[in-house]
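First the structure, in the form of structure tokens, and then the observations on it.
The values are calculated or read from the model by the stated rules, or taken from the named source; none is laboratory data. Predicted model, so just to flag it, every value in this text is computed and none were measured. Cβ sites come from the backbone with ideal geometry, for glycine too, and all protein chains shown count toward neighbours.
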């Protein structure tokens, strides 16, 4: 007796449509979720980039300096870097009037190491106080470029010529501005400054 094949059951059309529609809806929801997640991720990355760009620092190279020469490798500065800083310090501490001295020394104090700040500040304040009663005195210091800068691991010696003007009288001498320094965490710190004179000074009377 031959078996009678049972008729193949088919899903009702409405149920088939509902199941397929549910699958499509689920896929659409997944796609929307992925799209929203990608959008949020894009916003987060953009916000992070903006935050870091706001924190970026632009290094301004002083006029007349080459970018290649001004650099630090760890805590070791280039010679050009040290010469550039030393020249600025000589200008601020060596050429002044009694009215400008305090402001200029305050600028130099910004370079002084915290461990030496109080002592150097007292030295500067004493100098300002001594000069406050002499309004007619003007000082000028010129770097003697014919002589080399002497640069060591902890001290810079800059060859200079100092001039002091009082009325028609001019006193001049030559020597070295000596700066003690150190470099910590990529920053230059001044730890001391002084002047070493060579020979005797001379007094010159200026003409009318």
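Residue 117: surrounded by 15 or more Cβ atoms within 10 Å (Cβ to Cβ), closer than 14 Å to residue 192 by Cβ and under 27 Å from the mean Cα position of the chain (by Cα), yes or no?
Numbers: surrounded by 15 or more Cβ atoms within 10 Å (Cβ to Cβ): yes; closer than 14 Å to residue 192 by Cβ: yes; under 27 Å from the mean Cα position of the chain (by Cα): yes.
Yes; evaluated as a whole, the condition is true for this residue.
Looking only at residues that are touching a residue at least 12 places away in the same chain (Cβ under 8 Å) and assigned to a helix (DSSP H, G or I) in segment 125-134, which one is surrounded by the fewest Cβ atoms within 10 Å (Cβ to Cβ)?
127
For segment 97-124, how many residues are outside any helix (DSSP H, G or I) and over 15 Å from residue 189 (Cα atoms)?
Of the residues in segment 97-124, 4 are outside any helix (DSSP H, G or I) and over 15 Å from residue 189 (Cα atoms).
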- So, in segment 82-107, of the ones that are more than 21 Å from residue 153 (Cβ to Cβ) and in contact with a strand residue (DSSP E or B) (Cβ under 7 Å, 6 or more places away or on another chain), which residue ends up modelled with the lowest pLDDT? 98
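Let's see how each residue does on (1) touching a helix residue (DSSP H, G or I) at 6+ places or on another chain (Cβ under 7 Å); (2) assigned by TED's automatic domain parsing to the domain that holds residue 167; (3) under 14 Å from residue 96 (Cβ atoms):
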position	(1), (2), (3)
115	no, yes, no
126	no, yes, no
129	no, yes, no
134	no, yes, yes
140	no, yes, yes
143	yes, yes, no
146	no, yes, no
149	yes, yes, no
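Among the residues of segment 65-81, is any modelled with pLDDT of 90 or more and over 29 Å from residue 136 (Cα atoms)? First the steps, then the outcome.
So in segment 65-81, the residues modelled with pLDDT of 90 or more come out as none.
No: zero hits.
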